[in-house]
Amino acid sequence: MRGRDVIPGCTQTGSKAPKQWVQEVAPTHLEKGKGCRVWDVDGNEYVDYPMALGPVILGHNYPAVREAVARQLQDGTMFSMPHPLQVEVAELIVDSVPCAEMVRFGKNGNDATTLAAKLARAHTDRNVIATQGYHGWPDIWTAATEMDRGVPDAVGRMTESFEYDNIESLETIFEDNPGEVAAVVTTPMNLQKPTDDFLERVRELAREEGALLVFDEVLTGFRYALGGAQEYFDVEPDIACFAKGMANGFPISAIAGREDVMRLLERDDVYFSETYAGEAMSLAAAKACIETIREEDVVDHLWRQGETLIEGYNDIAAEFGLSDYTTCEGFGPRSSIQFYDTDGEMNRLAKSLFMQECLQRGILFSGSQLPSYSHDDETVEHTLAVYREAMAELADAIDAGDIESRLNGPPAGTTLRQRTGEHD
Ligand SMILES: Cc1ncc(COP(=O)(O)O)c(C=O)c1O
């Protein structure tokens, strides 16, 4: 692969690396997409389920977004003063998202999550960030993971991890760091729903302790509901971060929240500035995308198609007696197919064989299912038919005890998100 000579890891995004797929079976580069389908450089067609890891919520090359971007392209993309679209998109977010009183834009999810931590520190004059979930590559987040090489120890001492749906693990951080926690930064939902009013209790605890509550809605925003998981669960954070799903794949993110906190950015000593934030093409894409989600049946569609895939998959696993080995977890807008070995650990070989069988039948299977508005009934039905064939092969291989020898290339690896317990 030529790319390996000039690009470390041959990717810009961990989960898109060739090593995350069954090598020599999976394509390495995709060059075209339309609706729920993509084409590799050899012209092979696939039904896409990772959908670029979530951003492409309406479908590839979705007409309303393409046309809005094409119109903007005629008029230019970057200017020496803000473009008026920034106000329109900010207003759309304020109208759609419960916690949003003011909005700033960035380019990546981690711009928003890292800025949220900085604003919380500035607002509270405290340093410690209590965190759960994946929030991006910056030091503040990777300090709490096994990928902390290159991160100064001092940064690590300011980041404390807790577990989703485990309020005691968050209480311990407050007990160990009295008066020091600036923010609780959490994904509102992973592959499990919260139990025992977890989100309400996190909300309450943060308020009692004088810390800000930040919801990282990079993945849940505009997907579980127009107003994100905070609308779905009716729990309002102080600050929320958005990116995937807001512009159908164009590079834009947003941090939105309480006016008093957001206005800290007007101070001379609180700095956030990016040359490309507020670039007009992505703002045009965001406007068209959010308006489409607001005006059409997008969110219900994602729930419906996703739930059909989850139920269909789990029925097929049961049919082959493999429910202990593999399950589809999560909820309609985002689910993940997991493979386990007999002691409950992730089974990369079983996943790789299933992936191989799906790829050979034209399904771009990574385990993640992030359906878009373009995944129609016929495609979902076809996908389940392919899943049944792949499951038959897996069942046969488990019986024969020869999964590895059926693989036509090295097995798929794992991502940081999976290694930190999020399994997808
Ligand atoms: C929940 C969540 N937060 C933050 C990020 C980081 O976003 P980005 O990769 O755009 O910086 C991601 C990306 O996968 C994410 O899923």
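The values are calculated or read from the model by the stated rules, or taken from the named source; none is laboratory data. Please read these numbers as outputs of a predicted model, since none were measured by experiment. A quick note on method: Cβ atoms are made from the backbone with ideal geometry, for glycine too, and the neighbour counts reach across all protein chains shown. The accessibility values were calculated without ligands, DNA or RNA, using every heavy atom of the protein model including side chains. Shrake-Rupley method; radii C 1.70, N 1.55, O 1.52, S 1.80 Å.
Observations on the model:
- Normalising the average separation of contacting C-alpha pairs (under 8 angstrom, six or more residues apart) by the number of residues puts the relative contact order of segment 76-295 at 30 percent.
- Bridge orientation summary for segment 76-295: considering DSSP beta bridges with both residues in this region, about 35 percent are antiparallel.
- Debye-formula intensities of segment 76-295, expressed as log10 I(q)/I(0) at q = 0.08, 0.11, 0.15 Å⁻¹, are -0.26, -0.50, -0.94 (one equal scatterer per alpha-carbon, no solvent).
- Projected label distance in nm at Asp343 and Arg2, using a 7 Å step from Cα toward the beta-carbon: 4.5 nm
- Annotation: peptides 246-259, 374-387, ranked by per-residue average of other Cβ atoms within 10 Å with the highest first, follow the order 246-259, 374-387.
- Bridge type composition, the chain - antiparallel percent by DSSP, nearest 5: 60 percent
- Segment 131-182 and segment 235-272 have their alpha-carbon centroids 21 Å apart.
- The Arg263 and Asp234 beta-carbon pair, evaluated with R₀ = 22 Å, returns a calculated FRET efficiency of approximately 0.25.
- Average accessible surface area per residue within the chain, 1.4 Å rolling probe, Å²: 45 Å²
- The long axis of helix 85-96 is offset from the longest Cα principal axis of the chain by roughly 80 degrees.
- When the P(r) of segment 146-274 is calculated, the portion above 26 Å amounts to 29% of the C-alpha pairs.
- Cut-off 17 Å (backbone N to label point 7 Å along Cα→Cβ of Val94), residues of segment 230-270: 239-240, 254-266
- Each Cα pair under 8 Å and six or more residues apart adds its sequence gap; the mean of these over the residue count of the chain is a relative contact order of 23 percent.
- Placing +1 on each Lys and Arg Cβ and -1 on each Asp and Glu Cβ, with no other charges, gives segment 76-295 a dipole about its Cα centre of roughly 820 debye.
- Normalised by the number of residues in segment 1-43, the average gap of Cα pairs under 8 Å and 6 or more apart makes the relative contact order 20 percent.
- When each of Lys193/Lys287; Lys16/Lys244; Lys193/Lys244; Lys19/Lys118; Lys34/Lys244 is checked by Cα-Cα distance, pairs over 23 Å: Lys193/Lys287; Lys19/Lys118
- Packing-based ranking of 111-120, 336-345 yields 111-120, 336-345, ordered from highest to lowest mean Cβ neighbour count within 10 Å.
- Protection proxy ranking for 50-59, 229-238, using the average of other Cβ atoms within 10 Å per residue and placing the highest first: 50-59, 229-238.
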